[in-house]
Each structure stands twice: as structure tokens, then as C-alpha cells.
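The values are calculated or read from the model by the stated rules, or taken from the named source; none is laboratory data. Just so you know, these numbers come straight off a predicted model, no measurement behind them. Using ideal geometry, Cβ is built from the backbone for each residue, glycine included, and neighbour counts are taken over all protein chains shown.
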Amino acid sequence: MSLRIYIYDKTNGLSVYDSLESIELSHHEATIWIDIATKSRELLESVASRFKLHELTLEDSLTPDHLPKIENYGNHLFMIIRSLAPQSVVEQEDEEDRDHSEEEEFTRQIGIYLSSSFIITVRSQDIPWLDAIGRQVRQYPERELAVGPEALAHRIIDIAVDRFERGLEVFDREIDELEEVVFDNPDDFEMYDILDLKRELVALRQIAREQRMLILRLINEGSGIISKEWRRYFRDIDDQALGVINYIAKLIDNLQGVRDAYFAFANVRLGDTMRILAVITTILAPLNVIVGIYGMNFKVMPLLHSPHGFWIVMVLQIFITLLLLVYFRKKRWI
């Protein structure tokens, strides 16, 4: 659990606190950023009481698998955004065998409270790039925080969308590896891999769509919390968010292409097997006829009492087999 409070005003510059009791809210023109990393409802309730945040947003902030959303509560906006988690973190959680949804497994949630004078970010898990923004605010407060809460909100959402897009490259590589398995070692291919990957991509596509709807709401937001100037900057993020959706759609199409290629190879292999079985059956059919005839209990049959009868029948069977093999070879059936 951690709490970082950044307050900037033109007179005193940047002040950093780690508790609510240390804040002096007498600076009406100050810009405040509170970054909360906690799963404690009590801490969030104390912040909500101090800044008059709506009580309905508290549970959503602490729900780790909530889809992106935005709501206007008059004096502030409440948003939930998600960014892709680093692959190393996902692999570590897989080893620990945690029980969670795709939203929580592959993405990290950030709750954002935005008003004209403050921005509050809430998260229940470590998000290194958000911590990096905090360090940059300490180093360059005039550039990072002095511009206003809407500028910081823009940067957070911009980085979240950008990391979402870059994180999809991991899925792209997984699809390429599956494609190599299909072409090089089809016996090692598992259909469950495609089904799991498709389920994950569909969940991420839903998140990306909801996140774009959030950005569109920000572009058309009319409460005055976001100025017209900054709406233009959010429109640039919307182009990138649309690119994320198209990227995921392309990955799903590529995954379906891998599945279709596997089915095509499986059908070809099945056809080869059936052709070989048909050739064997065709060769054995006349041999079975000959054996069946000489297996009948008649006293008078050609070559029945001949000392060379057995060898003549064997040579006949071999001749028929070779004749059929030559015929099938000319027809390119074998």
C-alpha cells in the first residue's frame, strides 16, 4: 500500500507528501495529483471524503477486472482504463497458478478521478510506467504537473494505449510460432493453443473497444473539466486506440488462418492415408478371390493335384500385385 501526493503551485513549486494529513488545501490555484496503490477501501474512502468523490466509484476502483468506463459526476470525471501487463509479469503469475480473468491476467487497471484542480489515480497492482511518471513529475514539475490535471490525464491514457499496442507484439510472435509448428511439426500442434489464444484476444478486443469509447467520450465531454484545446490531443489518442482495435482484429484473422492451414494439412494427410488404404484394399481384393476359390472343398479343380500348382498360384498372385502397382504408379496414386 502506498500513497503519493504531488501538489504544484506557482508560488511554492512542487510539494510531495505521503499522507492526507500533510496536505494543505488552502492553495486554490494548485494542481494536485494523488497516486494511490492499495487494495484498502478505508484509504480510498478517506481520499473520497476529502475530495468529495462519489461513493459509487469506490467499488469500481477496487474491482481488478472491471472493463474501461467513464462517468460524469458533475464536479469530477471518473474513468477506468487498462494497459497490457509486461509479459514477464504474466508468465510469473501463470507459474503461481492464480485464478483470475483474462482482463486481470493480461492487463492492469487504473482508476482515474479528474477535475479541474486535481487528478487521482487508483491501482491495486504495481504499474512501473506510472511510477516512472511520478519520478518525472519530481524532476520536471513545470512540464509535467504545472500544465494542469487534464494534461497529466492525457499523458497517462496516451501511455496506457501505447503500451497496449506494443504489448500485442507478444501475441503476434505466439501466432508466428504456432504457424511454424503447423508447417514444420504438425504432429506437435495442439488445437487448444489456438482456442486459448483466441479467447484471450477476444477479451482484449472487448477492452480495446470499451477504451476507445471512453476516449470518444472525453473528446466530446462538455462539462468544462477538459478544455477544447486538450480535446484535440485526446483525438490523437483516439486514432491510436482505433489502430489497437484493428491490430487485434488482424491477429484474430491470422489465428484463424493458422487454424485453417492446420485443417488443410490434416485433410491432405487424411487423404494420403485413405489413398494408401484404398490401394492396399484394391491389391488384396483379387488375391482374396483366388485364395477363396482354392479354399472351396471340390475334388476336381485346376492345378489342385499338380505338384507345381501351389507355385503357379503364388506366381499368379505376385504378377497381379506387380501389375496393379505399376498401374497405380502411372496414375500417380502412389
**Request:** Say whether the condition of being within 48 Å of the chain's Cα centre (by Cα) and under 30 Å from PHE164 (Cβ atoms) is met by at least one residue in segment 270-290.
**Result:** no
**Fill in**
THR31 meets each of (1) over 32 Å from the mean Cα position of the chain (by Cα); (2) free of Cβ contacts under 8 Å to residues at least 60 places away in the same chain with one exception, condition (2)
**Fill in**
Going through (1) surrounded by 12 or more Cβ atoms within 10 Å (Cβ to Cβ); (2) of a type in the set (S, T, N, Q); (3) farther than 26 Å from VAL326 by Cβ one by one, ASN267 fails only at (1)
**Message:** Looking at ILE318 and the list (1) loosely packed, with under 10 Cβ neighbours inside 10 Å; (2) in a helix (DSSP H, G or I), which single condition is not satisfied?
**Reply:** (1)
**Prompt:** Where residues in segment 58-88 are surrounded by 22 or more Cβ atoms within 10 Å (Cβ to Cβ) and of a type in the set (Ser, Thr, Tyr), which of them is farthest from GLY167 (Cα to Cα)?
**Reply:** SER61
**Message:** Residues to consider are GLU174, GLU104; find the one that is at pLDDT below 90 and part of a helix (DSSP H, G or I).
**Reply:** GLU104
**Asked** Quick check: is even one residue across segment 12-31 closer than 25 Å to LEU204 by Cα, modelled with pLDDT under 90 and either touching a strand residue (DSSP E or B) at 6+ places or on another chain (Cβ under 6 Å) or loosely packed, with under 15 Cβ neighbours inside 10 Å (or both)?
**Response** no
**Asked** Can you name the residue in segment 170-183 that is closer than 18 Å to VAL268 by Cα and surrounded by fewer than 16 Cβ atoms within 10 Å (Cβ to Cβ) and is also farthest from the chain's Cα centre (by Cα) among such residues?
**Response** PHE183
**Message:** Where the second residue is assigned to a helix (DSSP H, G or I) and not β-branched (Val, Ile, Thr) and the first is touching a residue at least 24 places away in the same chain (Cβ under 8 Å) and surrounded by 12 or more Cβ atoms within 10 Å (Cβ to Cβ) and lies in segment 277-288, which pairs have Cβ atoms under 7 Å and are six or more apart or on separate chains?
**Reply:** VAL279/PHE328; THR282/LEU324; ILE283/LEU324; LEU287/GLN317
**Request:** Answer yes if at least one residue in segment 152-169 is part of a helix (DSSP H, G or I) and over 20 Å from THR107 (Cα atoms), and no otherwise.
**Result:** yes
**Request:** State yes or no: is LEU303 among the hydrophobic types (A, V, I, L, M, F, W, C), assigned to a loop (DSSP other than H, G, I, E, B) and either assigned by TED's automatic domain parsing to the domain that holds VAL182 or surrounded by 12 or more Cβ atoms within 10 Å (Cβ to Cβ) (or both)?
**Result:** yes
**Request:** Could you tell me which of the residues LEU84, LEU67 is at pLDDT 90 or above, under 16 Å from the mean Cα position of the chain (by Cα) and assigned by TED's automatic domain parsing to the domain that holds GLY134?
**Result:** LEU67
**Item:** Scan of segment 132-143 for residues that are out of contact with any Gly (no Cβ under 9 Å at 6 or more places or on another chain) and exposed (fewer than 15 other Cβ atoms within 10 Å of the Cβ), ordered by number
**Value:** ALA132, ARG135, GLN136, ARG138, GLN139, TYR140, ARG143
**Item:** Filter pass, PRO186 being touching a strand residue (DSSP E or B) at 6+ places or on another chain (Cβ under 6 Å) and either at pLDDT below 90 or surrounded by 18 or more Cβ atoms within 10 Å (Cβ to Cβ) (or both)
**Value:** no
